[in-house]
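Asks: After the structure tokens below, expect a handful of questions from me.
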Amino acid sequence: MTTATLLHERGATSNLDLAATMAEIGHRARAAAALLGLASAEAKVAALRDAARAVRAQASEILAANASDLEEAESEGLSPALRDRLALDPKRLEAIAAGLEAIADLPDPVGRVLASWTRPNGLSIERVAVPLGVIGIIYESRPNVTADAGGLALKSGNAAILRGGSESFHSSLALVAALREGLRSALLPQDAIQLVPTRDRAAVGLMLAMNGVIDIVVPRGGSSLIERVQRESRIPVIAHLEGLCHTYVDGAADAEKARKIVLNAKMRRVSICGATETLLVDRKVTATILPPILADLRAAGCELRGDPEVLALDSAVRPATEQDWRTEYLDAILAVRVVDGIGEAIAHIERFGSHHTDAIVTEDQAAADRFLREVDSAIVLVNASTQFADGAEFGMGAEIGISTQRLPPRGPVGAAELTTYKYLVRGTGQVRP
């Protein structure tokens, strides 16, 4: 029985126990990464498909573990929106299994020739994709991230050390067991996917100091988690900031299209990072387009908070404060503001947004082009719901998160984004003069 297993069964008894456990996990991950990085594409596909089968075969155990998490979440007063992020049911569990199969079907990202050229001296040079190595993934609440992160790391030839949220602890343990079963059946190292076996927050600090063991850290969660990781990490970070997403209804918007898009962008699933949190409407169409949009949202159970112009139009709307423009609700709440055209909309997004995902609804091609060009977000959409901010919807099978940083990777982080590259140089006896 490993130190990690003992720690899970009896709980951390000291910082020394935890440090020893993290060191053991890191040692095992590095050894597994060396093997997995050389695994064939066929072996990785087999592991992912076997993991999907294990998720289906172990459905009752996974759902029972999730029920334990949900009971604890309710007793601790977790909000309905956060409990929704945490909850699994047969449909969501099937989506997890199907997601693993979708990752399996992706082209293998390892070994891709990214560029090639020949120098005048005859040297042949290739830039080739290779795994990052060991990825530390720190995330909150949603148990499906456990499967997505483990599956994407496996596909890209990386070992993954997963530190899930305390709320989803039992669910993540059960899902990791299924992922490791897939690795075992494909004769790949099971330690390529490991879950930190404690809820102790000190484990996060230890992970962030494991430079030389972990090659990259991917945090996924609220702003406090991201800020802590960026502040404390001694390891490069791929940052997934909060999703303060906007939909702007332009003066040239189609009214029915705007109603459909706004309702979906906010209410399809309020707890995901791609949900619209602020609606901006051009003053030109406020009196005509906005009232039915507000009625649709209210009928769907959305609380509305607006600026004075919105309040004058609909007295049932609550007054918005400046803090509302800065808030990622992750709930059935929407802030609504009237703006004086596309320029003011873009300025609002730049001031209050998180550079995650923003959309425009318009039939004016020039306005659409300007929005695409000037909005500095990882994902910018025209005439489509912000809820498409998802790696699976981009054809990536799944994603670990939406990177909002300027350095690559940016946007959905899928299997291909979890690789780096090296140069292969072939000569015929050349020496440098």
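Asks: If I filter the stretch 139-160 down to residues being of a type in the set (Gly, Ala, Ser) and either modelled with pLDDT under 95 or assigned to a helix (DSSP H, G or I) (or both), which single residue comes out as farthest from Leu48 (Cα to Cα)?
Replies: Within the stretch 139-160, the first condition is being of a type in the set (Gly, Ala, Ser), and the residues that meet it are 141, 147, 149-151, 153, 156-157, 159-160.
Imposing the further condition that a residue be either modelled with pLDDT under 95 or assigned to a helix (DSSP H, G or I) (or both) reduces the set to 141, 147, 149-151, 153.
Working: Ser141: 23, Ala147: 10, Ala149: 12, Gly150: 10, Gly151: 7, Ala153: 11 Å.
By that ranking, first place goes to Ser141.
Asks: With the condition being farther than 30 Å from Ile333 by Cα and in the same structural domain as Val145 (by TED's automatic domain parsing), I'd like the helices (runs of 4 or more DSSP H) fully within the stretch 25-119 carrying at least 3 qualifying residues. Spell out the reasoning first.
Replies: Working: elements: 41-57, 59-75, 80-86, 90-105.
Correct list: 41-57, 59-75, 90-105.
Asks: Here is a list: Thr276, Thr286. Which entry is modelled with pLDDT of 95 or more, under 20 Å from Ile402 (Cβ atoms) and in the same structural domain as Thr357 (by TED's automatic domain parsing)? Spell out the reasoning first.
Replies: Values: Thr286 fails: under 20 Å from Ile402 (Cβ atoms).
None of the others qualify; the one that does is Thr276.
Asks: How many residues are in a loop (DSSP other than H, G, I, E, B) and modelled with pLDDT under 95 if we restrict to the stretch 200-232? Steps first, answer last, please.
Replies: Of the stretch 200-232, the ones in a loop (DSSP other than H, G, I, E, B) are 200-201, 209-210, 212-213, 215, 221-222.
Then drop every residue that is not modelled with pLDDT under 95, which leaves 200-201, 212, 221-222.
Count: 5.
Asks: Right, next: Being aliphatic (A, V, I, L, M), modelled with pLDDT of 95 or more, surrounded by fewer than 17 Cβ atoms within 10 Å (Cβ to Cβ) and touching a strand residue (DSSP E or B) at 6+ places or on another chain (Cβ under 8 Å), is that true of even one residue in the stretch 361-377? Walk me through it before giving the result.
Replies: Going residue by residue through the stretch 361-377, those that are aliphatic (A, V, I, L, M) are 361, 366-368, 372, 375.
Filter once more, so that each one left must be modelled with pLDDT of 95 or more: 361, 366-368, 372, 375.
Now restrict to residues that are surrounded by fewer than 17 Cβ atoms within 10 Å (Cβ to Cβ): 366, 372.
Still in the running and touching a strand residue (DSSP E or B) at 6+ places or on another chain (Cβ under 8 Å): 372.
So far as the stretch 361-377 goes, yes, one or more of its residues are aliphatic (A, V, I, L, M), modelled with pLDDT of 95 or more, surrounded by fewer than 17 Cβ atoms within 10 Å (Cβ to Cβ) and touching a strand residue (DSSP E or B) at 6+ places or on another chain (Cβ under 8 Å).
Asks: Report yes if Val317 is free of Cβ contacts under 8 Å to residues at least 40 places away in the same chain, more than 25 Å from Gly221 (Cα to Cα) and crowded, with 22+ Cβ neighbours inside 10 Å, otherwise no.
Replies: Details: free of Cβ contacts under 8 Å to residues at least 40 places away in the same chain: yes; more than 25 Å from Gly221 (Cα to Cα): yes; crowded, with 22+ Cβ neighbours inside 10 Å: no.
So Val317 fails the test.
Asks: Given (1) surrounded by fewer than 23 Cβ atoms within 10 Å (Cβ to Cβ); (2) over 26 Å from Asp84 (Cβ atoms), identify the lone condition not met by Glu393.
Replies: Looking at each condition in turn, Glu393 falls short on (2).
Asks: Next question, about the same structure. Across the stretch 177-187, what is the total count of residues that are of a type in the set (A, V, I, L, M, F, W, C) and over 18 Å from Asp148 (Cα atoms)?
Replies: Count: 2.
Asks: How do the pairs read when you match residues in the stretch 254-272 that are without any contact (Cβ under 8 Å) to a residue 12 or more places away in the chain and part of a helix (DSSP H, G or I) with residues anywhere that are surrounded by fewer than 23 Cβ atoms within 10 Å (Cβ to Cβ) and not hydroxyl-bearing (Ser, Thr, Tyr), using Cβ under 6 Å and keeping only pairs 6 or more apart or on different chains?
Replies: Matching pairs, first to second residue: none at all.
Asks: What residue, among those in the stretch 192-206 that are within 21 Å of Asn144 (Cβ to Cβ) and aliphatic (A, V, I, L, M), is surrounded by the fewest Cβ atoms within 10 Å (Cβ to Cβ)? Write out each step before concluding.
Replies: Here is the first cut: in the stretch 192-206, the ones within 21 Å of Asn144 (Cβ to Cβ) are 192-197, 199, 204.
Next cut, aliphatic (A, V, I, L, M) only: 192-193, 195-196, 204.
On the way: Ala192: 28, Ile193: 32, Leu195: 23, Val196: 26, Val204: 20.
Top of the filtered list is Val204.
The values are calculated or read from the model by the stated rules, or taken from the named source; none is laboratory data. This structure is a prediction, so every number in the text was calculated from the model and none was measured. Backbone-built Cβ (ideal geometry, glycine too); neighbour counts: all protein chains shown.
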